[in-house]
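Data block below; observations after.
Nothing in this text is a laboratory measurement; each read-out follows from the coordinates by a stated rule. As the structure is a computational prediction, the values presented were derived from the model and not from experiment. A quick note on method: Cβ atoms are made from the backbone with ideal geometry, for glycine too, and the neighbour counts reach across all protein chains shown.
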Number of protein chains: 2
Amino acid sequence: MRPRLSATLIVAALWGTITTGDDLKRQVDGWRAAHETHIVAQFDSLLRFPSVAADPSGVAAAADYLEGQLKARGFDVALLTVPNAPPVVFGSLATPGATRTVVFYAHYDGQPVTPSQWTTPPFEPVLRTGPLGSGGTVVDWTTAKPPFDPEWRLYGRSTGDDKISEIAFLAAFDALKSLGKKPSVNIKVVWEGEEEAGSPHLADILRTNKTKLSSDLWLIGDGPVHQSRRPLLFFGARGTIGLDATVYGPINALHDGHYGNWVPNPAAMVANLIADLRAPDGRVLIPGFMDAVRPETKAERDAIAALPPVEDELKQEFQIARSETGGSLMDAVMRPALNVRGIRAGKVGGEAANAIPIDAEVSIDFRLVPDQMPDTVRAQVESFLRSKGWTIVTDTPDSATRRAHEKIIKIDWEKGYAAFRSDMSSPAARAVIAAAGHASDRPVAVVPMLGGSVPLYVFDDIFHAPLVGLPVANHDDNQHAANENVRLQNLWEGIDAYAAMMGELNW
Amino acid sequence: MRPRLSATLIVAALWGTITTGDDLKRQVDGWRAAHETHIVAQFDSLLRFPSVAADPSGVAAAADYLEGQLKARGFDVALLTVPNAPPVVFGSLATPGATRTVVFYAHYDGQPVTPSQWTTPPFEPVLRTGPLGSGGTVVDWTTAKPPFDPEWRLYGRSTGDDKISEIAFLAAFDALKSLGKKPSVNIKVVWEGEEEAGSPHLADILRTNKTKLSSDLWLIGDGPVHQSRRPLLFFGARGTIGLDATVYGPINALHDGHYGNWVPNPAAMVANLIADLRAPDGRVLIPGFMDAVRPETKAERDAIAALPPVEDELKQEFQIARSETGGSLMDAVMRPALNVRGIRAGKVGGEAANAIPIDAEVSIDFRLVPDQMPDTVRAQVESFLRSKGWTIVTDTPDSATRRAHEKIIKIDWEKGYAAFRSDMSSPAARAVIAAAGHASDRPVAVVPMLGGSVPLYVFDDIFHAPLVGLPVANHDDNQHAANENVRLQNLWEGIDAYAAMMGELNW
């Protein structure tokens, strides 16, 4: 069946490939149906590496495994690194006669885990018959008979963010090879190992290997597909910069009856700090913070308007009665955000003592939009805090410092990176939109900017090549939280998309 | 040496006893010097019972122990209780010829503990050569030769709050007996087992046993002495009511890039909630909250003015550069307070994930002053929250509730009790001031109201008898926090004070 294309996609399709994409999709689907157990097994192996920042050896082991997988498929491979950074797994495979080179980016590290919050251990993947919240029960995939129910879900840290992209790539490559389908482009792979830590070394590694990484297009395999479950391409992503701050009260916890009202209470101080930074509707109250925000173009506004509404369904799914801002999700994503990731102060519930805590800690991240720069935001935050009477320190204050300054805040900044939005109408962009359309039975959602952060800015700054985001994971994958998971149908569609990008791209 | 008395005390002394108090103090000091190891051993035994609300069997065992101690000293004893309440240890001992009866109140339960925050386990007491923060090292009191250095400190939960009062009572009683000194009053003992849980059953127990507990004076052994290390008598105490509140975000934690700005963030909501309730200078912003606050009398203002200044020293000790309100500590204590005991939301530091948390919890206590009533405060808080758009629930909200209400807050209220300030110039009050003066080489601090809460209001409401607070613990005892401790000199002075109250009170 011919896929239904949106107006944008019909125009874009005129720039599409000359191969018959629908045929390729059907063939890849057939190959996949015969190899589902093998694909899940490979996913399972990759998920068992605890590749999180807290476990450098787990990160290194995952890199070695992926390097081996590329080598086995005939790629020239290398682990690219700079001192103190986890390696980028790099691979390249030339296609005789191809004139274009595409780099496939993904990351193999995951968010930190709090194992006590997980139903099953984060690095011991299990397949379930559906989402945990809907009573999904464990299936033994080693004995289950394919084809698997596409609504089954695989649980484990990094499933959706972002190992699914690597598995989709490897399976799509295997499918093309098995089908005798020669790639249409030269293929390069860049799989990063510290995206969830804010990619502090990525720019260095890319710049050091600039020649090796030259290409005509970057396809960024990260983020979730649209909440409507349509495949999604994104042409930008919010940037990010995070901080962890500690504010200080008395050197020892004090009885809050004897001293409450007189000794400063750091739990109350951190609450006032947050309320100073952020209005209840999410607006950031730091002077100048919005000054650099780039207006949306007409093309971007049109793309947003063409997206199917998802808000009512999401409110049902998330069990919330309102959004912070009242507008659409995409409207909210096009603005910068200040997220409070956590607050720790004293104790609550049965553990609460009638005491003034000694300190309070807050973890914050900013989601930036073009053309906000992380360094500028950092300076604005610090200047604002100083205007509110805070003394900013970078180490735990000593006694003399505590006695000398009325409001002390220790800030530990993440490096962060800027946001990026790219040209949605370049020849490469249109070729990608066309190929994605061929690989899907449903319309593709084309969005100007992803809410989550992907270091697109870094790629653009170094390579000035077209960039398109190609996510695979379901939106309801609990990414960055406990019980992260992917829906098998998303993986299957991801394999279709990757096969199209390797086998059909032409411009 | 004749103690230096303040003007108030010199006047009060005219109403004092006809015995020579200084002689009694010297004799008690002599007895104590010969029995220091025995007194510390008894303290050690009492501290080993984990008498905290989370451990009902520990509470019961402590009650049994204290009952046995009174019985061994010839008291008529009983465990007074009502269903589901820890017992009040009651004892009475008539003095032939005495016309006055004095009840000695203290509590044998302690604040909750977080053992990981303690340097040594909270229920395994150790004696140290000084405060932990000043390098105090552990001493084996079983082999150390008395007299002990009075600056040594005994560490353990409930040392200062409030088992020191029971130990001072028992040692003072033993001293009088050993010295052949007949008490001047009939003695009753009321030792409570759930003061740190807000005394939810105390009124019931007292009312049920009203006749048995009749007296001419209540001496309330709780709280710390003055920060100047002077002995202290208090004539009132702030009341208290606490709450634990949970506010709700999405049913699952969500990626704060994809949803930040659109899905309500409960960590930010709880910060705004606190900022709505409480100004940075500690003022409570709930409409009507201050309406019932009783003005200070001239006698109270005079008593406050006579107190030695402690603010500069406390700032040094607590390592803070300011107070919340700028005024004196006693000025702050005479006002009600809203204390934030703790906040829990998401994760911070290395554990922080880029996620919108599912909920946030805050623990708050109010310190009330006359004539604020807990039920009124509760109603004011709830009315204020409703005016700010909150829907108040008492159980974890179900899906339908979450989807129907924009801002949901679950509140779990403690019962609480009102504040109390009594007449500082009654005959009984003046007799107590005189006896305390005899028992001390230094002026006694006489304060209208203690910052900490003691259920004085409950005693007054039921018995209408004079009430005076007789604390023993040092102010720097970390009460309500980890590493709670008492300084031996405070215990020694407490024994002097209790001996004077049993042996010299006459009015």
For this session: Give me the angle, in degrees from 0 to 90, between the Cα long axis of helix B:427-438 and the longest principal axis of the Cα atoms of chain B, rounded to the nearest 10.
Result: 70
Problem set entry | Cross-link pairs beyond the 31 Å C-alpha cut-off, checked among B:K315/B:K388; A:K298/B:K407; A:K347/A:K388 | B:K315/B:K388; A:K298/B:K407
Exercise. Taking a ≥ b ≥ c as the square roots of the eigenvalues of the Cα gyration tensor of segment A:85-206, is the shape rounded (a/c under 1.5), prolate (a/b larger than b/c) or oblate?
Worked result: oblate
Exercise. In the P(r) worked out for chain A, what percent of Cα pairs fall beyond 42 Å?
Worked result: 20
For this session: Using 0.36 nm per residue of separation minus the Cα-Cα distance, give me the extension gain between A:D140 and A:D375 in nm, one decimal.
Result: 79.7 nm
Problem set entry | Candidate lysines for bridging to B:K145, where Cα separation is under 26 Å - those fewer than 8 sequence places away on the same chain excluded | B:K25, B:K163, B:K177
For this session: Taking every pair of Cα atoms in segment B:202-302, average 1/r, invert it to obtain the Kirkwood radius, and report Rg/Rh to two decimals.
Result: 1.16
Seminar exercise, completed: The exposure ranking of B:I39, B:I164, A:I304, A:I220, fewest beta-carbon neighbours within 10 Å first, is A:I304, B:I39, A:I220, B:I164
For this session: Taking each label point as 7 Å beyond Cα in the direction of the beta carbon, state the distances from B:S116 to the same residue in the other copies, shortest first, in nm.
Result: 0.7
For this session: Could you give me the percent of Cα pairs per 10 Å distance bin for segment A:105-162, shortest bin first, beginning at zero and ending with the bin that holds the maximum distance?
Result: 21, 48, 28, 3
Problem set entry | Estimated [θ] at 222 nm from DSSP helical runs (n ≥ 4, -39500 (n - 2.57)) normalised by residues in chain B, nearest 500 | -9500 deg cm²/dmol
Exercise. So, in nm, how far is label A:A61 from label B:R386 when the simple model puts each one 7 Å beyond its Cα toward the Cβ?
Worked result: 5.8
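Name the shape class, rounded, prolate or oblate, that the alpha-carbon gyration tensor gives for segment A:28-87, where a ≥ b ≥ c are the square roots of its eigenvalues, rounded holds for a/c under 1.5, and otherwise prolate holds if a/b is larger than b/c and oblate otherwise.
oblate
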Problem set entry | Contact order normalised by residue count of chain B, Cα under 8 Å, 6+ apart, percent | 28
Problem set entry | Likely footprinting exposure, A:K347, B:K145, fewest C-beta neighbours within 10 Å first | B:K145, A:K347
Seminar exercise, completed: Computed curve, the protein assembly as shown, Cα-only Debye sum without solvent term, log₁₀ I(q)/I(0) at 0.05, 0.09 Å⁻¹, is -0.40, -0.94
Exercise. Which value does Rg/Rh take for segment B:389-431 over its C-alpha atoms, Rh per Kirkwood?
Worked result: 1.53
Problem set entry | Percentage, to the nearest whole number, of Cα pairs in segment B:389-507 over 18 Å apart | 68
Exercise. For chain A, what is the charge dipole size about the Cα centre, in debye to the nearest 20, if Lys and Arg each add +1 at the Cβ and Asp and Glu each add -1 at the Cβ?
Worked result: 740
For this session: Could you grab the Rg to Rh ratio for segment B:421-467? Cα atoms only, Kirkwood for Rh.
Result: 1.00
Seminar exercise, completed: B:T95 and B:S116 label points (each 7 Å along its Cα→Cβ direction) are spaced in nm at 5.1
Problem set entry | DSSP-defined antiparallel bridges as percent of all bridges, the protein assembly as shown, nearest 5 | 65
For this session: Using R₀ = 60 Å, calculate the FRET efficiency as 1/(1 + (r/R₀)^6) where r is the Cβ-Cβ separation of A:D76 and A:D291; round to 0.05.
Result: 0.85
For this session: Mind listing the label-point distances from B:V393 to the same position on all other copies, shortest first, one decimal in nm, points 7 Å along Cα→Cβ?
Result: 4.2
For this session: One decimal, nm, shortest first: give the distances between the label point of A:K298 and those of the same position in the other copies, each label point 7 Å from Cα along Cα→Cβ.
Result: 8.3
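Stick to the Cα atoms of segment B:290-366, pair each with every other, and give me the Kirkwood hydrodynamic radius in Å at one decimal.
This gives a value of 16.4 Å.
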